[in-house]
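Chemist: Pasting in a structure now, in structure tokens, and then I'll have a few things to ask.
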Amino acid sequence: MITAGVDGTRRGWVYSIVEGDRVLEIGFMEHFMFLDFPTLVDIPIGLPKKGERECDRLTRRILSKRAASVFTVPCRVAVYRESYEDALRVNRECQGKGFPVQFWHIVEKVREVDVFLRSYPDLSDQIRESHPELCFLRISSKMMKSKHTREGLNQRIEILREHLVFDVENLQRICREYRIHIHDVLDSLVLALAQQFPLERIPEDPPLDEHGLPMQIIAPARTQRSPNPE
């Protein structure tokens, strides 16, 4: 089974494609596109009309100390405002609260994937939202240190190397070539790897947004520890 993981970077998107324990490709794309394989992407898919997404609330509960890594996803109208200040005002009307400026830093990528999937709705069962921290937790049963620390990076590399064959020096070369951070590459790898395991949806029966996109986060099932034989 060939699977892909995609993570946003400042300049575009880094992707990884794996099959079993083999890393087939790691690359970079300026604009989001479908890679022809089941894909998990670390970007919100499905934007609420009002209120908070249940998948975010449940994932924060699972991640506990790492809950801050799960952004509050503002309402759809706020996502498409032209300024952060205007988006805050609108979101306070539809959600009763603001949202962190860190989300606004990725809003263009949220819009990009949203427009893509609204243009190709048949791909919504092939391109699904996930969260790297949750994938690392479910695969390793360990809470990782921050990916912005050397210890946290080493933990992630160690977990990935238990399941995938790759050369760290090659990852560093890729990072230099595409001018991306190694934690973005590691996130894309774990998103691809996650699909080699049985998966579950959070929540189990996800609601749809007003355009029919499921508001869910996909992750390895908590009761499964061995790779999917398929």
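The values are calculated or read from the model by the stated rules, or taken from the named source; none is laboratory data. This structure is a prediction, so every number in the text was calculated from the model and none was measured. Here Cβ is always computed from backbone atoms with ideal geometry, including for glycine, and neighbour counts include all displayed protein chains. Accessible surface is based on the protein model in full, side chains and every heavy atom, while ligands, DNA and RNA are left aside. Shrake-Rupley method; radii C 1.70, N 1.55, O 1.52, S 1.80 Å.
Chemist: Helix-derived [θ] at 222 nm for the chain: sum -39500 (n - 2.57) over DSSP H runs of at least 4, divide by residue count, nearest 500?
Modeler: Only helices count here, giving -11000 deg cm²/dmol.
Chemist: Here's another thing I want to ask about it. Karplus couplings for the stretch 154-170 from phi (6.51 cos²θ - 1.76 cosθ + 1.60, θ = phi - 60°), rounded to Hz, Gly and Pro as x?
Modeler: For the stretch 154-170, the Karplus curve yields 4, 4, 5, 4, 4, 5, 4, 6, 6, 10, 10, 9, 7, 10, 4, 4, 5 Hz.
Chemist: With N set to the residue count of the stretch 137-230, report its C-alpha Rg divided by 2.2 N^0.38 Å to two decimal places.
Modeler: Dividing the Cα radius of gyration by 2.2 N^0.38 Å gives 1.25.
Chemist: Could you list, in their original order, any pairs among Lys50/Lys97; Lys50/Lys147; Lys49/Lys145 whose Cα atoms are separated by more than 22 Å?
Modeler: Exceeds cut-off: Lys50/Lys147; Lys49/Lys145.
Chemist: While we're looking at this one, here's another question. Assign unit charges at the C-beta atoms only (+1 for Lys and Arg, -1 for Asp and Glu), then state the dipole size of the chain relative to its Cα centre in Debye, rounded to the nearest 20.
Modeler: 960 debye
Chemist: Considering only Arg173, Arg76, Arg138, give the residue with the highest GNM mean-square fluctuation for the chain, with springs between Cα atoms whenever their separation is below 10 Å.
Modeler: Among Arg173, Arg76, Arg138, the largest GNM mean-square fluctuation belongs to Arg173.
Chemist: Still on this model: Near Glu151, within a Cβ-to-Cβ distance under 13 Å, what is the net charge of the other residues, with Lys and Arg +1 and Asp and Glu -1?
Modeler: +4
Chemist: Anyone know which of Gly46, Gly27, Gly96 comes out most mobile in the 10 Å Cα GNM of the chain?
Modeler: Gly96
Chemist: Out of the total accessible area of the stretch 166-216 (probe 1.4 Å, heavy atoms of protein only), what percent is carbon and sulfur?
Modeler: 44 percent
Chemist: Once both axes come from the Cα atoms, what is the angle between helix 107-119 and the longest principal axis of the chain, in degrees from 0 to 90, rounded to 10?
Modeler: Between the helix axis and the principal axis of the chain, the angle is about 90 degrees.
Chemist: Shifting gears a bit: Which shape class, rounded, prolate or oblate, goes with the stretch 47-126 when its Cα gyration tensor gives a ≥ b ≥ c as root eigenvalues, a/c under 1.5 marks rounded, and past that a/b bigger than b/c marks prolate?
Modeler: In terms of gyration-tensor shape, oblate.
Chemist: Probe radius 1.4 Å, ligands and nucleic acids ignored: give me the carbon and sulfur share of the accessible area of the stretch 26-122 as a rounded percent.
Modeler: C and S atoms contribute 52 percent here.
Chemist: Could you give the angle, 0 to 90 degrees to the nearest 10, between helix 84-94's Cα long axis and the longest principal axis of the Cα atoms of the chain?
Modeler: 70 degrees
Chemist: From the backbone phi of the stretch 24-31, what are the Karplus-calculated ³J(HN,Hα) couplings (6.51 cos²θ - 1.76 cosθ + 1.60, θ = phi - 60°) in whole Hz, Gly and Pro given as x?
Modeler: Once rounded to whole Hz, the list reads 7, 6, 10, x, 9, 9, 6, 10.
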